[in-house]
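Participant: Attaching a single structure in structure tokens format; questions to follow.
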Amino acid sequence: MSRETIKALYDIGEMPPLGGVPRLMHAWTIRADRHGPPHRAFQREVVPVWTIGDDEVLVYVMAAGLNYNGVWAAAGMPQSVLGIHGHPFHVAGSDASGIVWAVGRNVRRWAVGDHVVVHCNQVDGDDEECNGGDPMLSPSQRIWGFETPDGSFSQYARVHRNQLLPKPAGLGWAEAGCYLLTLATAYRMLFGQHAPGMRPGGAALVWGAAGGVGAFAVQLCRLNGMEAVGVVSSEARREFVTGLGAKGVIDRSRYDCWGEMPDVQTLRYDAWLGEARRFGKAIWDCLGRRENVDVVIEHPGQATFPLSCYLVKRGGTVLFCGSTTGYKLTFDARYVWMHQKRIQGSHFAHMKQAAEANRLVERGKVEPCLSRTFAWDALPDAHELMAQNRLPPGNAAILVGAPA
């Protein structure tokens with residue numbers, strides 16, 4: 001299609017002729033001098049459409065998922081993403097659904113017009129971990145939309161050809177754009193090569209069970225014959241988590257054992273331990289037996305890590321994929337070494353794991369849990385709500401090219 005038939009810029013929701021690439025696009029950008037709260041950091045700009053390489057694909061974004069990558073990128077914490085990739089501006093967004101709009105000459109699997117979802121793992125593909133190992137351990141591994149400048153909060157996204165997966169046919173654009181980052185993260189935690197032995201009849205404690213990773217962890221436990229005990233921030237979220245298949249739900253607002261672990265042999269430690277034991281009894285009550293959990297799905301970090309390490313059973317595993325409440329993690333080492341517990345970090349997923357997780361959605365085994373959809377203009381508001389933990393249970397999406 002000739003450039004003359006294509007306008008230089010299209011409004012949000014105004015779709016060009018299929019395969020016609022304009023020169024400019026609308027994007028929500030972050031620049032180094034604006035780091036801070038989402039309302040300040042995210043600004044709408046008109047920028048050039050990305051140029052793609054031989055192994056890359058240009059995707060017309062229909063909807064983009066909302067996750068903490070955007071909050072962190074806006075804040076510039078723990079470091080500015082612009083210092084990671086060196087581009088003068090950053091387009092966040094690490095989840096997307098959309099339409100293949102242009103392909104590089106080495107792209108064989110995808111064609112213009114294909115409906116796709118995008119996973120956020122990028123690798124160069126030329127090292128041993130990418131060829132027979134674990135691509136998530138590759139030195140080139142990076143998260144698209146966080147460690148790269150070309151995420152989904154724009155009309156067009158630039159992705160590697162290996163980031164694309166088929167959009168589940170039964171889902172709308174917003175549903176399809178909201179789930180893959182957190183679902184694939186939970187999938188790798190539970191079923192990846194470094195994950196604990198997941199056994200039917202076992203039990204898991206899931207922090208933030210009404211949020212993205214937590215909601216999917218509960219569903220994956222159910223599919224594997226495990227019992228999940230979900231932790232939520234208020235009673236208002238109990239019904240949602242129970243509906244996902246949790247064996248029981250604990251309202252953390254009823255307990256006071258959060259933050260950095262107190263020094264041992266102090267009154268503060270004694271008080272903390274008493275609350276930790278009370279929390280542990282609540283888990284037993286949920287399970288209907290005096291048995292600690294096999295695994296803890298951990299991502300709050302600083303606020304909950306001491307409790308996670310205390311509560312998991314002898315020989316059990318604390319799996320953590322983030323640290324949203326702070327990066328200084330403390331725990332009572334005695335309970336870890338003497339009870340031979342394991343602490344295992346986990347980070348997103350490689351392409352095969354993301355594809356396996358996506359098939360569960362395609363086959364109706366896992367619910368995307370879309371709870372709120374935001375208009376394009378409300379993107380900063382959406383991130384403010386996420387940062388304040390004021391979103392409803394489940395996942396949220398931003399409409400880009402898709403109609404309201």
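Participant: Run down Gly70, Gly93, Gly98 and say which single residue is touching a helix residue (DSSP H, G or I) at 6+ places or on another chain (Cβ under 9 Å), surrounded by 24 or more Cβ atoms within 10 Å (Cβ to Cβ), in a strand (DSSP E or B) and modelled with pLDDT of 95 or more.
Facilitator: Values: Gly70 fails: in a strand (DSSP E or B); Gly93 fails: in a strand (DSSP E or B).
One residue alone meets the criteria, Gly98.
Participant: Shifting gears a bit: Quick test for you: out of Gly170, Gly133, pick the one residue that is without any contact (Cβ under 8 Å) to a residue 12 or more places away in the chain, out of contact with any strand residue (DSSP E or B) (no Cβ under 8 Å at 6 or more places or on another chain) and in a loop (DSSP other than H, G, I, E, B).
Facilitator: Details: Gly170 fails: without any contact (Cβ under 8 Å) to a residue 12 or more places away in the chain.
One residue alone meets the criteria, Gly133.
Participant: Quick one: Thr373 ticks every box in (1) surrounded by 14 or more Cβ atoms within 10 Å (Cβ to Cβ); (2) more than 25 Å from Ser94 (Cα to Cα); (3) not aliphatic (A, V, I, L, M) bar one, so which box is it?
Facilitator: The one condition Thr373 does not meet is (2).
Participant: Next question. Which one of these is under 25 Å from Val59 (Cα atoms) and buried (at least 16 other Cβ atoms within 10 Å of the Cβ): Phe348, Phe331, Phe320? Reasoning before the result, please.
Facilitator: Numbers: Phe331 fails: under 25 Å from Val59 (Cα atoms); Phe320 fails: under 25 Å from Val59 (Cα atoms).
When all the criteria are applied, what remains is Phe348.
Participant: Keeping to region 224-236, report how many residues are surrounded by fewer than 23 Cβ atoms within 10 Å (Cβ to Cβ), under 21 Å from Gln388 (Cβ atoms) and not polar (S, T, N, Q).
Facilitator: 2
Participant: Please work out if Glu175 is in a loop (DSSP other than H, G, I, E, B), among the acidic types (Asp, Glu), on the phi < 0 side of the Ramachandran plot and out of contact with any Phe, Trp or Tyr (no Cβ under 8 Å at 6 or more places or on another chain).
Facilitator: no
Participant: Arg290 is checked against (1) touching an Asp or Glu at 6+ places or on another chain (Cβ under 7 Å); (2) without any contact (Cβ under 8 Å) to a residue 12 or more places away in the chain; (3) in a loop (DSSP other than H, G, I, E, B) and fails just one. What number does that condition carry?
Facilitator: With (1) touching an Asp or Glu at 6+ places or on another chain (Cβ under 7 Å); (2) without any contact (Cβ under 8 Å) to a residue 12 or more places away in the chain; (3) in a loop (DSSP other than H, G, I, E, B) applied to Arg290, the lone miss is (1).
Participant: Just need a number here: residues in region 22-56 that are out of contact with any Gly (no Cβ under 7 Å at 6 or more places or on another chain) and assigned to a strand (DSSP E or B).
Facilitator: 13
Participant: Within region 23-46, can you find the residues that are crowded, with 17+ Cβ neighbours inside 10 Å and under 21 Å from Val59 (Cβ atoms)?
Facilitator: Passing the criteria: Met25, His26, Ala27, Trp28, Thr29, Ile30, Phe42.
Participant: Go through Gly125, Gly133 for me and flag whichever is touching a helix residue (DSSP H, G or I) at 6+ places or on another chain (Cβ under 8 Å), surrounded by fewer than 17 Cβ atoms within 10 Å (Cβ to Cβ), farther than 19 Å from His299 by Cβ and small (Gly, Ala, Ser).
Facilitator: On the way: Gly133 fails: touching a helix residue (DSSP H, G or I) at 6+ places or on another chain (Cβ under 8 Å).
Within the list Gly125, Gly133, the selection yields Gly125.
The values are calculated or read from the model by the stated rules, or taken from the named source; none is laboratory data. Computed from a predicted structure; not experimentally measured. Positions of Cβ are backbone-derived with ideal geometry, glycine not excepted, and every protein chain shown enters the neighbour counts.
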